[in-house]
Amino acid sequence: MSSLLIRNAAHIVTCDHQDRVYDHADLLIRDGVIAAIGAVDQPADEVIDAAGCIVYPGLINTHHHLYQVFSRNLPQVQNMELFDWLRTLYEIWKNLDGDVVYHSSLTGMGELMKNGCTTCFDHHYVFPNDHAEGLLERQFAAAEDLGIRMYASRGSMDLSKKDGGLPPDSVVQSVDRILDDCRRAVERFHDPAPYSMRRVALAPCSPFSVSEELLRQSAILARDLGVRLHTHLCETKDEENYVLERFGMRPLAYMESLGWIGSDVWYAHGIHFNDEELHRLAETGTGVAHCPISNMKLSSGVCRIPDMLRLGVPVGLAVDGSASNDGSNLLEELRVAYLLHRLQSSHQAPSGYDLLKLATAGSARILGRDDIGTLEPGKAGDCFLVRTNRLELVGADLDPKSMLATVGLKGSVDYTVVNGKVTVREGHLTRLDEGVEAERAAALVRTYLAR
Ligand SMILES: [Zn+2]
């Protein structure tokens, strides 16, 4: 038994169905689960004095490539679009190993947590032939060391340059080897129970690095194992042209022909869907992970979020890999998303609060989780606290629901709580010496990039 009482918060923004906000309220978490919200008159093992704080549900990241934290801000790719950018970066990524995966995961997830994220999905799809073993093990170890809720994926590529794909030969594997390892990863790490800290999805990389056979077999295996399916789709016009030329179908029709549609599937980006395809996503419950910064950086286009929300397409928020972001901060993503859609869609744009719900309840939905994403009794004890007595927030808390998107937060959150445990306190990770890790990781980046 362990309990945490967040006492006397100025506001608790729940993001629940009734859009409730509690003023001057307490929140009690017992054994990792929210036990009460409101006026709580019960003792607890630990008490946070939340006077002057706003409490929000933990943010949920629905698409990332944590290994890319170690290939950011590289001058040679700054002016490129997706296909050339990938071809250039694969020459670096083919040298990754377990240490790169572990330390880039610590760095990226540490930054996410300092900015209010409590659940991270990662799409790891680079398995170099010399270092293919044990990569997910290292990623789960990093998550456990930090205390974040981890949703990993066994990504894959089997279509190299010689077969008309983009990646080099040394990072692709055979369909059989991939499927065996997918099954092993699910059996070893996937915990389907409520409040689970570890889940696994199957996530072949993209239509231009994966064969039809691998996509088809991955869908069959995922349903056999009861896990979710994820990949990149409709990110660029180059991808659309590639699929049209090679298969004579638009990307969504191609994926649907291989079993990739339904409420157990979510796609990263989803920019270039037409009207008919948006209706198809809505009626099948197929989700989209919105990655605005990456889409802007790579000149990929603007995802049709206002139309998706109007039609009821499940949508969540994501940072995407750090090579196209170039960081891991969902609060920054939230504000950029807000501004991007204001610019693009004016009156039709989602409000700041709509976007907060997208990054919490919306993200939970596309990850297939009903135990996270809102602050309600019975939900997981995942939240973060922002003190409003900061110079940059003076007068900004008039509308606590929209503040994070319309005003934005400059600097770390004050507390992040995952599963009822304080993982960020006074803006710093509680389980990691940030200075020591920053030095160690920086040294590893230099060795890795020199390979
Ligand atoms: Zn991506």
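I need the strands (runs of 3 or more DSSP E) fully contained in the range 1-115, keeping only those with at least 1 residues that are open to solvent by 10 Å² or more (accessible area, probe 1.4 Å).
3-13, 21-30, 33-38, 46-49
T374: part of a loop (DSSP other than H, G, I, E, B) and among the polar types (S, T, N, Q), yes or no?
It is true that T374 is part of a loop (DSSP other than H, G, I, E, B) and among the polar types (S, T, N, Q).
For residues that are open to solvent by 20 Å² or more (accessible area, probe 1.4 Å) and outside any helix (DSSP H, G or I), tally how many sit in the range 156-171.
2
Just the residues that are touching a Gly at 6+ places or on another chain (Cβ under 6 Å) and within 14 Å of the ligand (Cβ to nearest atom), please, taken from the range 209-232.
Selection gives S209 alone.
Return the pair list, or none, for Cβ contacts closer than 6 Å from residues in the range 274-294 that are open to solvent by 10 Å² or more (accessible area, probe 1.4 Å) to residues that are part of a helix (DSSP H, G or I), at least 6 apart or on different chains.
E277/L252; A282/L311; I293/E333; I293/V336
Output the residues belonging to the range 235-251 that are open to solvent by less than 40 Å² (accessible area, probe 1.4 Å) and farther than 22 Å from Y151 by Cβ.
The answer is T236, E239, E240, Y242, V243, P251.
Give the residues of the range 254-284 that are away from the ligand (no atom under 16 Å from the Cβ), more than 19 Å from I220 (Cβ to Cβ) and either at pLDDT below 95 or not basic (K, R) (or both), sorted by residue number.
Of everything in the range 254-284, those that are away from the ligand (no atom under 16 Å from the Cβ), more than 19 Å from I220 (Cβ to Cβ) and either at pLDDT below 95 or not basic (K, R) (or both) turn out to be F273, N274, D275, E276, E277, L278, H279, L281, A282, E283.
If T430 passes every condition in (1) surrounded by 15 or more Cβ atoms within 10 Å (Cβ to Cβ); (2) free of Cβ contacts under 8 Å to residues at least 24 places away in the same chain; (3) of a type in the set (S, T, N, Q) but one, which one does it miss?
(2)
Name the residues in the range 316-329 that are open to solvent by less than 30 Å² (accessible area, probe 1.4 Å) and either assigned to a loop (DSSP other than H, G, I, E, B) or more than 16 Å from the ligand (Cβ to nearest atom) (or both), would you? Reasoning before the result, please.
Here is the first cut: in the range 316-329, the residues open to solvent by less than 30 Å² (accessible area, probe 1.4 Å) are 316-325, 327-329.
Answer for the range 316-329, where residues must be open to solvent by less than 30 Å² (accessible area, probe 1.4 Å) and either assigned to a loop (DSSP other than H, G, I, E, B) or more than 16 Å from the ligand (Cβ to nearest atom) (or both): A318, V319, D320, G321, N325, G327, S328, N329.
Residue by residue, here is whether (1) over 22 Å from the mean Cα position of the chain (by Cα); (2) more than 24 Å from H341 (Cβ to Cβ); (3) of a type in the set (D, E) holds:
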| position | (1), (2), (3) |
| --- | --- |
| M249 | yes, yes, no |
| I293 | no, no, no |
| R304 | no, no, no |
| R310 | yes, no, no |
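Have a look at G395, G411 and point out the one that is open to solvent by 50 Å² or more (accessible area, probe 1.4 Å) and either in the same structural domain as I29 (by TED's automatic domain parsing) or at pLDDT below 95 (or both).
Details: G411 fails: open to solvent by 50 Å² or more (accessible area, probe 1.4 Å).
When all the criteria are applied, what remains is G395.
The values are calculated or read from the model by the stated rules, or taken from the named source; none is laboratory data. What you see is a predicted model; the values in this text were computed from it and never measured. Quick reminder, even Gly has a Cβ in these numbers, built from the backbone with ideal geometry, and neighbours come from all protein chains shown. Protein only, heavy atoms only, side chains kept; ligands, DNA and RNA dropped before computing areas. Shrake-Rupley method; radii C 1.70, N 1.55, O 1.52, S 1.80 Å.
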